[in-house]
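All remarks here apply to the structure that follows.
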Ligand SMILES: Nc1ncnc2c1ncn2[C@@H]1O[C@H](COP(=O)(O)OP(=O)(O)OP(=O)(O)O)[C@@H](O)[C@H]1O
Ligand SMILES: Nc1ncnc2c1ncn2[C@@H]1O[C@H](COP(=O)(O)OP(=O)(O)OP(=O)(O)O)[C@@H](O)[C@H]1O
Ligand code: SF4
Ligand SMILES: [Mg+2]
Ligand SMILES: [Mg+2]
């Protein structure tokens with residue numbers, strides 16, 4: 001191996017952001033009687049984001065994806081746990097200390113309509129980060145902003161327009177331009193294309209890919225759309241009810257699926273191909289997502305899991321390599337799936353039990 | 001014989017900015033017991049077109065005809081429409097979570113719905129409501145019937161909406177994005193329930209969605225809409241494997257795992273047009289990589305694609321293009337690889 005190759009390999013595996021046993025509980029008003037309850041939105045997540053990769057984060061609504069993202073970027077204070085960004089522990093960093101972190105870690109949000117102030121001109125919206133971090137002279141800002149607009153495929157002459165004068169896809173580009181302003185190392189994208197039509201979604205995804213190549217960006221990419229996440233991600237982490245249940249390189253998630261929940265999620269994804277749709281095995285999960293206020297004991301998926309046995313309700317399975325998997329494929333399940341194993345759907349009795357929870 | 005035959009439907013709105021021509025000459029048919037899928041991007045007129053069939057769009061100017069059971073829905077009296085809505089045509093709206101009243105139990109709402117149309121005793125209506133909740137797989141229906149909507153999950157509420165729409169055994173169910181707000185696993189449950197109910201009762205379904213995956217799953221026939229018009233109409237397999245219209249091609253090409261490579265996707269360039277403006281004779285002209293002179297001069301009619309008489313497309317390209325098409329030669333990929341962002 002030449003030294004150049006060694007370096008390339010090293011930089012791929014290098015950890016940029018390390019999340020360790022992070023928890024975020026929200027206090028909410030409880031049911032009649034109990035005055036206080038806690039939503040365990042994120043409940044003990046350990047995860048690494050490697051330099052230069054795109055890590056996809058998937059899971060159903062309410063499983064804690066956005067909350068985890070906001071913990072990572074320290075928009076939220078943690079209930080407990082540790083976050084290390086570029087070898088620096090930022091778990092308890094003060095607002096002031098976070099200023100430098102914010103320059104290097106940006107966020108893009110889902111809603112291209114709601115996340116931009118309608119009464120401000122795009123030029124000043126995109127230029128915000130320069131103003132907030134007092135970067136450059138005021139008079140140079142317009143030029144810098146127009147460069148950014150060009151970069152994301154917006155017409156720089158539209159500098160003085162208002163958000164309402166742009167389409168959904170263009171508004172998402174405004175969000176991307178703003179996130180890029182300070183040349184961050186990492187961008188957390190929270191459902192950046194979910195509100196867009198497929199044809200426009202493809203434009204924005206291409207833009208994000210191009211920018212990643214150009215600026216060596218690291219992405220955490222949150223979405224509930226598995227076909228999108230498959231396209232963009234190098235690795236995928238699957239969340240269920242505040243926990244990460246499986247992490248693996250993208251192809252392994254799809255081809256060597258280990259966790260029954262991942263399997264069910266993949267099988268529910270509608271595929272735009274009639275022949276495939278007619279022939280594939282579909283696992284229709286019984287029951288509904290339990291409440292994160294009072295999550296099930298043991299493995300949180302056990303009340304809905306067709307493979308569940310007694311131990312599953314008693315002991316929480318650790319997130320580790322299973323069935324001889326390589327270190328980079330970890331699964332939290334007592335009875336992980338073999339390749340080619342089919343998951344028989346749960347019985348009616350099973351679903352009734354769930355609904356009584 | 002077709003259950004519903006829509007012919008040359010036009011819908012427009014007078015607004016402060018001018019006349020919005022949301023639906024511009026749409027025709028399709030629905031066969032008994034079949035599912036017609038309507039796909040198209042946001043704003044293409046899917047909701048307006050189908051809601052005007054039940055005459056529920058306020059302030060709209062509607063022309064054309066829609067024959068349903070020998071009655072023209074677009075020219076029927078409001079009295080006749082009230083008899084048809086709910087009873088012969090069931091509806092599920094795009095915004096599910098707001099469609100159930102939060103202050104009444106789920107059972108009460110279904111029972112009232114039944115009793116508004118049929119004079120049956122309360123006990124019988126209640127029994128029927130329980131059967132309906134069973135039908136849409138609400139576990140323990142007999143007990144859950146007295147719960148309030150907030151005690152149900154999003155997916156369960158959507159299943160209740162299906163139960164209500166099916167309460168009077170309608171011949172046609174119009175479902176406008178019934179699963180868009182739901183997670184994939186819940187979506188799979190709801191679609192399964194709809195299919196099971198259809199198999200049980202023989203109801204025809206118009207399913208509106210922008211998700212081609214859902215279409216591939218459940219539609220028998222498909223209408224592809226763009227800018228208020230039908231671009232292509234065919235059976236499900238033809239839409240995916242032998243499409244004719246460049247817009248259909250563009251939609252499929254945009255999907256991850258379809259036309260593009262692993263690194264880059266193949267989008268449709270540009271944006272959908274404003275419906276206030278005068279459009280080109282073919283509304284897809286500004287975004288179409290196959291455009292040629294004739295497209296800017298003459299309106300392409302919705303005409304059969306050779307050799308399939310039931311497969312219609314509104315495009316001037318050769319009628320047998322569908323037979324020769326190969327993804328390798330798709331022009332969308334070519335322009336996308338040369339375009340700078
Ligand atoms: N500020 C808050 N106060 C109380 N509960 C909250 C708060 N924010 C989130 N939650 C709860 O925490 C859980 C996780 O929410 P989160 O928004 O992280 O989910 P998500 O995975 O991003 O979902 P989605 O796919 O719908 O965006 C949910 O049960 C949610 O209701
Ligand atoms: N009451 C109204 N007044 C004026 N314009 C309207 C009205 N209702 C709908 N429109 C316009 O008609 C067009 C078609 O709208 P429609 O809701 O049918 O689209 P759609 O295909 O259902 O889109 P989506 O996928 O976003 O639901 C849009 O441009 C919309 O802005
Ligand atoms: S008619 Fe012309 S512009 Fe319209 S879709 Fe066909 S080739 Fe493209
Ligand atoms: Mg979220
Ligand atoms: Mg609509």
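The values are calculated or read from the model by the stated rules, or taken from the named source; none is laboratory data. Small disclaimer: the values here were computed from a predicted structure and weren't measured. Glycine gets a Cβ as well: all are built from the backbone with ideal geometry, and neighbour counts include every protein chain shown.
Each row is one residue, and each column tells you yes or no for (1) touching a helix residue (DSSP H, G or I) at 6+ places or on another chain (Cβ under 7 Å); (2) more than 14 Å from every other protein chain (Cβ to nearest Cβ); (3) touching a residue at least 60 places away in the same chain (Cβ under 8 Å).
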residue	(1), (2), (3)
B:266	yes, no, yes
B:269	yes, no, yes
B:278	no, yes, no
B:285	yes, yes, no
B:297	no, yes, no
B:309	no, yes, no
B:313	no, yes, yes
B:318	no, yes, no
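Within segment A:272-296, track down each residue that is farther than 23 Å from residue A:338 by Cα and within 25 Å of the chain's Cα centre (by Cα).
Result: A:272, A:287, A:288, A:289, A:290, A:291, A:292, A:293, A:294, A:295, A:296.
Quick one: count up the residues across segment B:170-179 that are more than 12 Å from residue B:191 (Cβ to Cβ) and touching a helix residue (DSSP H, G or I) at 6+ places or on another chain (Cβ under 6 Å).
Adding up the residues that qualify gives 3.
Filter segment B:25-67 for residues that are within 14 Å of chain A (Cβ to nearest Cβ) and away from ligand 2 (no atom under 14 Å from the Cβ) and give the result.
Within segment B:25-67, just B:35 meets the criteria.
Go through segment B:262-298 and count every residue that is over 24 Å from the mean Cα position of the chain (by Cα) and surrounded by fewer than 14 Cβ atoms within 10 Å (Cβ to Cβ).
So the answer is 11.
Filter segment A:219-238 for residues that are touching a helix residue (DSSP H, G or I) at 6+ places or on another chain (Cβ under 8 Å), more than 9 Å from chain B (Cβ to nearest Cβ) and buried (at least 24 other Cβ atoms within 10 Å of the Cβ) and give the result.
Across segment A:219-238, the qualifying residues are A:219, A:220, A:221, A:222, A:236, A:238.
For segment A:208-231, which residues satisfy the criterion of being closer than 24 Å to residue A:103 by Cα and away from ligand 4 (no atom under 14 Å from the Cβ)?
If the condition is that a residue be closer than 24 Å to residue A:103 by Cα and away from ligand 4 (no atom under 14 Å from the Cβ), then A:208, A:209, A:210, A:211, A:212, A:213, A:214, A:215, A:216, A:217, A:218, A:219 are the ones that fit.
Would you mind stating whether residue B:183 is touching a residue at least 24 places away in the same chain (Cβ under 8 Å), within 8 Å of chain A (Cβ to nearest Cβ) and in contact with a helix residue (DSSP H, G or I) (Cβ under 8 Å, 6 or more places away or on another chain)?
Taking the combined requirement at face value, the residue satisfies it.
Residue-wise test of (1) touching a residue at least 24 places away in the same chain (Cβ under 8 Å); (2) more than 18 Å from the chain's Cα centre (by Cα); (3) within 14 Å of chain B (Cβ to nearest Cβ); (4) more than 16 Å from ligand 1 (Cβ to nearest atom).
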residue	(1), (2), (3), (4)
A:36	no, yes, no, no
A:43	yes, no, no, no
A:54	yes, no, yes, yes
A:109	yes, no, no, no
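Conditions tested, residue by residue: (1) within 24 Å of residue B:253 (Cα to Cα); (2) crowded, with 19+ Cβ neighbours inside 10 Å; (3) assigned by TED's automatic domain parsing to the domain that holds residue B:127.
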{"residue": "B:151", "(1), (2), (3)": "no, no, yes"}
{"residue": "B:155", "(1), (2), (3)": "no, yes, yes"}
{"residue": "B:174", "(1), (2), (3)": "no, yes, yes"}
{"residue": "B:177", "(1), (2), (3)": "yes, yes, yes"}
{"residue": "B:191", "(1), (2), (3)": "no, yes, yes"}
{"residue": "B:194", "(1), (2), (3)": "no, yes, yes"}
{"residue": "B:202", "(1), (2), (3)": "no, no, yes"}
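Count, please, the residues in segment A:136-147 that happen to be more than 12 Å from residue A:178 (Cα to Cα) and either in a helix (DSSP H, G or I) or in contact (Cβ under 8 Å) with a residue 24 or more places away in the chain (or both).
Qualifying residue count for the region: 6.
Can you find, within segment A:179-210, the residue that is nearest to the other protein chains (Cβ to nearest Cβ) among those that are assigned to a helix (DSSP H, G or I) and in contact with a strand residue (DSSP E or B) (Cβ under 9 Å, 6 or more places away or on another chain)?
If we take residues in segment A:179-210 being assigned to a helix (DSSP H, G or I) and in contact with a strand residue (DSSP E or B) (Cβ under 9 Å, 6 or more places away or on another chain), then A:209 is nearest to the other protein chains (Cβ to nearest Cβ).
Picking from B:114, B:110, B:130, which residue would you name as being without any contact (Cβ under 8 Å) to a residue 24 or more places away in the chain and more than 14 Å from chain A (Cβ to nearest Cβ)?
Going through B:114, B:110, B:130 in turn, the sole match is B:130.
Can you tell me which residue among A:278, A:213, A:273 is within 14 Å of chain B (Cβ to nearest Cβ) and closer than 29 Å to residue A:153 by Cα?
Within the list A:278, A:213, A:273, the selection yields A:213.
Does residue A:214 satisfy being surrounded by fewer than 19 Cβ atoms within 10 Å (Cβ to Cβ), assigned to a helix (DSSP H, G or I) and either at pLDDT below 90 or touching a helix residue (DSSP H, G or I) at 6+ places or on another chain (Cβ under 6 Å) (or both)?
Criteria not met by residue A:214.
May I ask you to say which residue of B:175, B:171, B:165 is farther than 23 Å from residue B:235 by Cβ, more than 14 Å from chain A (Cβ to nearest Cβ) and touching a residue at least 40 places away in the same chain (Cβ under 8 Å)?
B:165
Can you name the condition, by its number, that residue B:257 falls short on among (1) on the phi > 0 side of the Ramachandran plot; (2) away from chain A (no Cβ under 14 Å)?
(2)
Please work out which one of (1) more than 16 Å from ligand 5 (Cβ to nearest atom); (2) away from chain A (no Cβ under 12 Å); (3) crowded, with 18+ Cβ neighbours inside 10 Å is the condition residue B:250 fails and give its number.
The single condition residue B:250 does not satisfy is (2).
Tell me which of these residue B:127 doesn't satisfy, since it passes every other one: (1) in a helix (DSSP H, G or I); (2) modelled with pLDDT of 90 or more; (3) under 23 Å from the mean Cα position of the chain (by Cα).
Answer for residue B:127: the failing condition is (3).
If you take the residues in segment B:226-245 that are more than 9 Å from chain A (Cβ to nearest Cβ) and out of contact with any strand residue (DSSP E or B) (no Cβ under 6 Å at 6 or more places or on another chain), which one is farthest from residue B:175 (Cα to Cα)?
B:242
Which condition from (1) assigned to a loop (DSSP other than H, G, I, E, B); (2) surrounded by fewer than 20 Cβ atoms within 10 Å (Cβ to Cβ) is the one that residue A:251 breaks?
Only one criterion is unmet by residue A:251, namely (1).
Considering each residue of segment B:302-329, count those that are closer than 16 Å to residue B:284 by Cα and out of contact with any strand residue (DSSP E or B) (no Cβ under 9 Å at 6 or more places or on another chain), and give that number.
2
Name, by its number, the condition in (1) within 14 Å of chain B (Cβ to nearest Cβ); (2) away from ligand 3 (no atom under 16 Å from the Cβ); (3) touching a helix residue (DSSP H, G or I) at 6+ places or on another chain (Cβ under 6 Å) that does not hold for residue A:176.
Answer for residue A:176: the failing condition is (3).
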